[in-house]
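What follows is a single structure, written as structure tokens, with notes after it.
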Amino acid sequence: MLANRKLILAHFWLAFGVFGIALTLGAWQMFIRSPIGTWLSNPELYYRSLTAHGTVMGYVFPTLVAMGFGYAISESALEQRLVGVRWAWTGFWLIVAGAIMAMVPVVLGRASVLYTFYPPLIGNVFYYLGVVLVVVGSWIWVALMAINLRVWRRAHPGAPVPLAMFANVAGSYLWAWTAVGAALELLLQIIPVAAGLKATIDAGLARVFFSWTLHAIVYFWLMPTYIAYYTIVPRAIGGRVYSDSMARISFILFLVVAMPIGMHHTFADPQVGAGFKFIHSAFTALVALPTLLTVFTICASVEIAARLRGGRGMFGWIRALPWDNPMMLALAFSFVMLGFGGAGGLINMSYQLDASIHNTQWITGHFHLIFGGAIVIMYFAIAYDLWPHLTGRELIDLRLIRTQLWLWFVGMIITTFPWHWVGILGMPRRMAYFDFGDPAIAPQALSVTFSAIGGFILLASGIMFIVILARGMRAPQVDAGPYRFALAVHQPATVPVALNTHALWVALMIVLTLTNYGYPIVTLALTEGTSVPAVYVGAQ
Amino acid sequence: MSARDLFTFRNSHFRIGVGITAAILIVTAITGFIVLPFAQHWVQFANVWDAICSAAGVPQRAANVTAPEQTKRLSEVVLTSHTLSRPSQEAIGRGATLAQRCAICHGPTGISRADSPNLAGQYAAVIYKELHDFRSGARTNAVMSPFAVNLTDQEIADLSNYYAYLPRPAAYHPTPQLPKPSIVIYGAPMRGIAPCGSCHGSLDNKTGSPWLEGQSEAYMKVQLHAFASGERRNDISQQMRNIARAMTPQEIEAAAAYYASQPPDVVKAVD
Ligand code: HEM
Ligand SMILES: [Cu+2]
């Protein structure tokens, strides 16, 4: 039932193409600031690379994956041709245009501001306009997802929305709202300065706006992964979803509590009151809930598959799992990385503990483990699972796929564990050069070297991934049949309104944003004398 | 199933969803705005409202704190984007006339033979700032200060534009070029020292930082030591004092010798 395969393939190829470039930059960054590289002598090059790497990995790559996957879900789960195909292509081309527009100034060294924008640092205006175009392109997708669901609802009044689509639309709403923070920062604060209309900027307010985006964007990155956990993995390994309602509740919880917690990124900022920091910290603790629910439900679903395959005993069933199935492997790796990453996250979210790792390499280690590890490995799995349906050709070499997943997992552990460790020792993040000859940091040289080696393993795995997909475009043709999602043990015949629609939860999301962000934003905006002169990158 | 059936307290999901959310919000708000502020015994609050305002981050001006008395003069230079923009030929000509009295030390073409700084082609903002600082007393020098005290703002701007307009001493190689010492290439990250070039022009130029290539070795050494000892203090926010203090005498030696041996053509131009 995938009618618009070209559209979906375009999204995936662009996503994985830019991913390949950004991955290479990442490996280079790792290498060049490690003891095995020699000092660049121009730190500006490092920040150029870092800006490109972060912008692509944070904004362009996951957005494209979510969009492509979203279109696939809409067509296959709803069994309905995509409405608004022309708009979908418009969104795609906006992202292409935006990505190019943003990357040209970065390559030229005119926008080495890093993907978090770092005001009062100000780069070339086209960098920001490019990012805005990417976001606008993705908003078209948000609208299309809502419209497609509405069209389907009209044809199926009262019927339960398929879980995959319910989650997909929840993710798109989350993205629509969370992107507003960065959009306000760009449109009201940064772009006027970059365009030369103003020369000062309220950096504190800008950081608060950015924190509005920065946490929930993480859950937007995570959505495709969680959708794959619930709706692809059980089917691929021959099991069933343990509970459809539990799944819906998890996605609903993400919608409600992912937003009002972003100020855990501003714990060290003086312009935010401690009371608000506490509220955000407490709500952050809640966001562990949907993940714990998910881990429980997925483990139960996997156990069902194992028992159906004849697995027995308290833990004996684990052996009965189809370990040679790439989807099983990806899930297991993803869960291990999610577990370690989640444990690290508990440290980041506590006001006091955060102080010891704030702005250290621990942070970069943490989000690479969660995002680059647990999340991206499921992006790979999604691509592998969808590919035959998109190309009409079989992915034959399962062993190569397994090797690729193994390398990503091992590479990520080797990269990120020492990365966390040097962070605890106090090594700052976002530094182009470390003098490992200095006795103060000489003991960290070994850990950083391991990270760099891990980086090259990841690069190798990433190249293999792209080769596998490219070879899949030329493999023998097969009829992959319709694309299906996992069924629940008790496939629901009816679902309560609240679990079948998003309105209530979107409303709560917006209300909590207003309660948790309203006051700090309004006071910062109204307080006089809080702006500082902009610092222009690459200008004289 | 319509919004009417959902957004009502008769719907149990609505009741539970809204109820739990509101309860959590209220409990965390009371904890964050009232309980925790009072749990800090070392902070005194006049009343509950005072504690809430403090936790909310209401901007407050402390009433009884006065700024510490400033005993030494600091740099007060203000540079806007218009101060030195697009000098007219006339302004440069006026600067040239004024510059005749500087020639005795800084050389008739802005290239010194007396261990004073070469000014030809120096960034205009640098000359502007130093002359202002000499005039205000933020920087003092027995020879230089008397020249600066009587200059007007206009004269300072003209002089700055004139010297910036002169060609840099291109083929000026006082000594064989030395290799870059590590303090210049790397700085010393663990001591908070950035590579010199990240401000002084070869990698990037930060407004007010001069380029150093081909300057007198003796002069640069004296200045670095003056920054380190705090004898010179007209650098804004102690930018240069912090660095000089963290440098070893050997590094000061090496950096000064290196820069003195370089031709100034590697430095970024300013438009
Ligand atoms: C899908 C995988 C990845 C994602 C999503 C990702 C994402 C990011 C992001 C968002 C940043 C922050 C940029 C900033 O601070 O402005 C970053 C930094 C960085 N990444 Fe990645 N990255 C990925 C893979 C890799 C890999 C495989 C490597 C190494 C081989 C790597 C090396 C680095 C390095 C060295 C930094 C900079 C750390 C610093 O200087 O603070 N990344 N990455
Ligand atoms: Cu966060």
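The values are calculated or read from the model by the stated rules, or taken from the named source; none is laboratory data. None of these values were measured; they are calculated from a predicted model. Note that each Cβ is placed from the backbone with ideal geometry, even for glycine, and that neighbours are counted across all protein chains shown. To get the accessible areas, we keep the full protein, side chains included, count just its heavy atoms, and leave off ligands, DNA and RNA. Shrake-Rupley method; radii C 1.70, N 1.55, O 1.52, S 1.80 Å.
What to note about this one:
- Residue check, B:Ser198 at pLDDT below 90 and polar (S, T, N, Q): yes
- Residue match in segment B:74-89 (condition: assigned to a helix (DSSP H, G or I) and in contact with a Pro (Cβ under 7 Å, 6 or more places away or on another chain)): no
- Set side by side, the residues A:Trp39, A:Trp13 differ, and just one is modelled with pLDDT of 95 or more and either among the hydrophobic types (A, V, I, L, M, F, W, C) or within 16 Å of ligand 2 (Cβ to nearest atom) (or both), which is A:Trp13.
- Meets criteria (open to solvent by 10 Å² or more (accessible area, probe 1.4 Å), farther than 16 Å from A:Ser172 by Cβ and out of contact with any helix residue (DSSP H, G or I) (no Cβ under 8 Å at 6 or more places or on another chain)) for A:Arg240: no
- Whenever a residue of segment A:20-32 is within 14 Å of chain B (Cβ to nearest Cβ) and more than 8 Å from ligand 1 (Cβ to nearest atom), its partners that are part of a helix (DSSP H, G or I) and not basic (Lys, Arg), lying with C-beta atoms within less than 8 angstrom and at least six residues away or across chains, give the pairs A:Ile32/A:Tyr46.
- In this entry, A:Gln352 is excluded by the filter for residues that are within 14 Å of ligand 1 (Cβ to nearest atom) and either touching a Pro at 6+ places or on another chain (Cβ under 6 Å) or within 14 Å of chain B (Cβ to nearest Cβ) (or both).
- Test: residue in segment A:66-76 that is open to solvent by 40 Å² or more (accessible area, probe 1.4 Å), in contact (Cβ under 8 Å) with a residue 24 or more places away in the chain and more than 16 Å from ligand 2 (Cβ to nearest atom): no
- Complete set of residues in segment B:75-110 that are farther than 18 Å from B:Asp158 by Cα and crowded, with 16+ Cβ neighbours inside 10 Å: B:Ser75, B:Cys105
- Filter result (over 24 Å from A:Ser112 (Cα atoms), within 14 Å of chain B (Cβ to nearest Cβ) and in contact (Cβ under 8 Å) with a residue 12 or more places away in the chain) within segment A:432-447: A:Phe436, A:Ile441, A:Pro443, A:Gln444, A:Ala445
- Meets criteria (surrounded by fewer than 13 Cβ atoms within 10 Å (Cβ to Cβ) and facing another protein chain (nearest Cβ under 10 Å)) for A:Leu514: no
- The helices (runs of 4 or more DSSP H) located wholly in segment A:263-355 that include 3 or more residues which are surrounded by fewer than 16 Cβ atoms within 10 Å (Cβ to Cβ) occupy A:288-308, A:326-349.
- Per this entry, A:Tyr47 is not counted among residues that are open to solvent by 30 Å² or more (accessible area, probe 1.4 Å) and within 16 Å of ligand 2 (Cβ to nearest atom).
- Single residue of segment A:229-272 satisfying the filter (within 16 Å of ligand 2 (Cβ to nearest atom) and among the aromatic types (Phe, Trp, Tyr)) that is nearest to A:Glu303 (Cα to Cα): A:Phe254
- When we screen A:Tyr46, A:Tyr128, A:Tyr71 for residues that are in contact with a helix residue (DSSP H, G or I) (Cβ under 8 Å, 6 or more places away or on another chain), at pLDDT below 95 and part of a helix (DSSP H, G or I), the only hit is A:Tyr46.
- Segment B:201-211, subset open to solvent by 30 Å² or more (accessible area, probe 1.4 Å) and over 16 Å from A:Val537 (Cβ atoms), residue nearest to the other protein chains (Cβ to nearest Cβ): B:Ser202
- Output for segment B:188-200, where each listed residue is in a loop (DSSP other than H, G, I, E, B) and more than 8 Å from chain A (Cβ to nearest Cβ): B:Gly192, B:Ala194, B:Cys196
- Set side by side, the residues A:Arg110, A:Arg86 differ, and just one is more than 14 Å from chain B (Cβ to nearest Cβ) and either within 16 Å of ligand 2 (Cβ to nearest atom) or open to solvent by 10 Å² or more (accessible area, probe 1.4 Å) (or both), which is A:Arg86.
- Scanning segment A:425-437 for residues that are closer than 17 Å to B:Ser182 by Cα and surrounded by 14 or more Cβ atoms within 10 Å (Cβ to Cβ) turns up A:Ala432, A:Tyr433, A:Phe434, A:Asp435, A:Phe436.
- Within segment A:22-31, tally of residues that are within 21 Å of A:Ser447 (Cβ to Cβ) and either open to solvent by 20 Å² or more (accessible area, probe 1.4 Å) or within 16 Å of ligand 2 (Cβ to nearest atom) (or both): 2
- Residue under evaluation A:Arg429, criteria (1) in contact with a helix residue (DSSP H, G or I) (Cβ under 6 Å, 6 or more places away or on another chain); (2) touching a residue at least 12 places away in the same chain (Cβ under 8 Å); (3) over 24 Å from A:Glu44 (Cα atoms), criterion not met: (3)
- Test: residue in segment A:456-472 that is touching a residue at least 24 places away in the same chain (Cβ under 8 Å), assigned to a strand (DSSP E or B) and among the hydrophobic types (A, V, I, L, M, F, W, C): no
- Residues that are among the aliphatic types (A, V, I, L, M) and open to solvent by less than 10 Å² (accessible area, probe 1.4 Å), drawn from segment A:150-193: A:Val161, A:Ala164, A:Met165, A:Ala167, A:Val169, A:Ala170, A:Leu174, A:Ala179, A:Leu186, A:Ile190, A:Val193
- Qualifying residue in segment A:213-222 (condition: among the polar types (S, T, N, Q), open to solvent by 20 Å² or more (accessible area, probe 1.4 Å) and either under 27 Å from A:Thr90 (Cβ atoms) or not in a loop (DSSP other than H, G, I, E, B) (or both)): no
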